[in-house]
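The values are calculated or read from the model by the stated rules, or taken from the named source; none is laboratory data. Bear in mind the structure is a predicted one, so any value in this text is a computation, not a measurement. Methodologically, a virtual Cβ is constructed for each residue, glycine included, from the backbone with ideal geometry; neighbour enumeration extends over all protein chains shown.
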Amino acid sequence: HETAARLQGERKEGIKEIVPAFSSLTVYYDPVVAGNYADVCAWLRENIGSTGQAARHSTRTIVIPVCYGGEFGPDLADVARFHGMTEDEVVALHSSGRYRVYMIGFSPGFAYLGGLSPRLATPRRPVPRTTVPAGSVGIAGGQTGVYPLATPGGWQLIGRTPLRLFDPHREKPSLLSAGDIVEFRRITAEEFARWREEHDDGRH
């Protein structure tokens, strides 16, 4: 992600977009403006080679409030049972971690988070849900994440946040970006409802 940030700062004319993923970058370019494939590769080699000397870009820490269990986390009991834990132990472990946003994908604003404790790694549901409510916090394999929009999905749902992670009407639609650090903070159902009231249904 530091490489992507550096390339953004040194962007060659005709480079349309630079998209970081887990361990790769996708570069979209206009060959009429940026030159041919060899020209773009030469620019990449020159700038990627200099990223080691670049100053590290600032990392944001985003705290996401989550109401765990109950109607907001219908799979919390199953996850706890799978690991031989209590529900409170699952919540304590999940909310004590610091997670890095590796990439945005699957749906607009969906952040793939790394850093889940191996003790919480849980298989996906055998039958996906046709609709997962926006804001749902889930676990699938060794990853955790938050559904920014109501979409189908097979992750194990353990809670929900009142925050709106994706809003096309905001200047920056996605709350999270690749490279951000995410922390989850447990809240009660009453705090969830109050947050929604005070923040206009989760908008920032």
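Of the set (1) assigned to a loop (DSSP other than H, G, I, E, B); (2) modelled with pLDDT under 95, all apply to residue 196 but (1). Would you call residue 185 touching a Pro at 6+ places or on another chain (Cβ under 7 Å), of a type in the set (Lys, Arg), over 18 Å from residue 75 (Cβ atoms) and not in a loop (DSSP other than H, G, I, E, B)? Yes, satisfied. None of 109, 97 is within 15 Å of residue 186 (Cβ to Cβ) and assigned to a loop (DSSP other than H, G, I, E, B) except 97.
Is the range 88-99 home to any residue that is in contact with a strand residue (DSSP E or B) (Cβ under 6 Å, 6 or more places away or on another chain), over 26 Å from residue 198 (Cβ atoms) and charged (D, E, K, R)? The answer is yes; a qualifying residue exists.
Scanning the range 111-160 for residues that are of a type in the set (Val, Ile, Thr) and closer than 18 Å to residue 100 by Cβ gives 137, 139, 144, 146.
Residues checked against (1) under 19 Å from residue 85 (Cβ atoms); (2) under 10 Å from the mean Cα position of the chain (by Cα); (3) modelled with pLDDT under 95:
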position: 106; (1), (2), (3): no, no, yes
position: 114; (1), (2), (3): no, yes, yes
position: 128; (1), (2), (3): no, no, no
position: 146; (1), (2), (3): no, yes, no
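Return the residues of the range 82-124 that are among the charged types (D, E, K, R), surrounded by 16 or more Cβ atoms within 10 Å (Cβ to Cβ) and in contact (Cβ under 8 Å) with a residue 40 or more places away in the chain; say none if nothing qualifies. Once the filter is applied, which keeps residues that are among the charged types (D, E, K, R), surrounded by 16 or more Cβ atoms within 10 Å (Cβ to Cβ) and in contact (Cβ under 8 Å) with a residue 40 or more places away in the chain, the range 82-124 yields only 100.
Is it true that some residue in the range 133-141 is outside the structural domain of residue 26 (by the TED database), out of contact with any Pro (no Cβ under 8 Å at 6 or more places or on another chain), surrounded by fewer than 16 Cβ atoms within 10 Å (Cβ to Cβ) and among the hydrophobic types (A, V, I, L, M, F, W, C)? No, that holds for no residue.
Just one of the numbered conditions (1) within 15 Å of the chain's Cα centre (by Cα); (2) within 19 Å of residue 66 (Cα to Cα); (3) aliphatic (A, V, I, L, M) is not true of residue 193: (1). With a requirement of 3 or more residues that are modelled with pLDDT of 80 or more and of a type outside the set (Asp, Glu), the helices (runs of 4 or more DSSP H) lying completely within the range 1-59 that satisfy it span 31-34, 37-48.
Is one or more of the residues making up the range 121-132 under 16 Å from residue 67 (Cβ atoms) and in the same structural domain as residue 186 (by the TED database)?
yes
Screening the candidates 150, 134, 178, 140 for the property of being over 23 Å from residue 92 (Cα atoms), modelled with pLDDT of 95 or more and not hydroxyl-bearing (Ser, Thr, Tyr) yields one hit, 150. When restricted to residues that are polar (S, T, N, Q) and under 12 Å from residue 183 (Cβ atoms), the range 84-112 contains 2.
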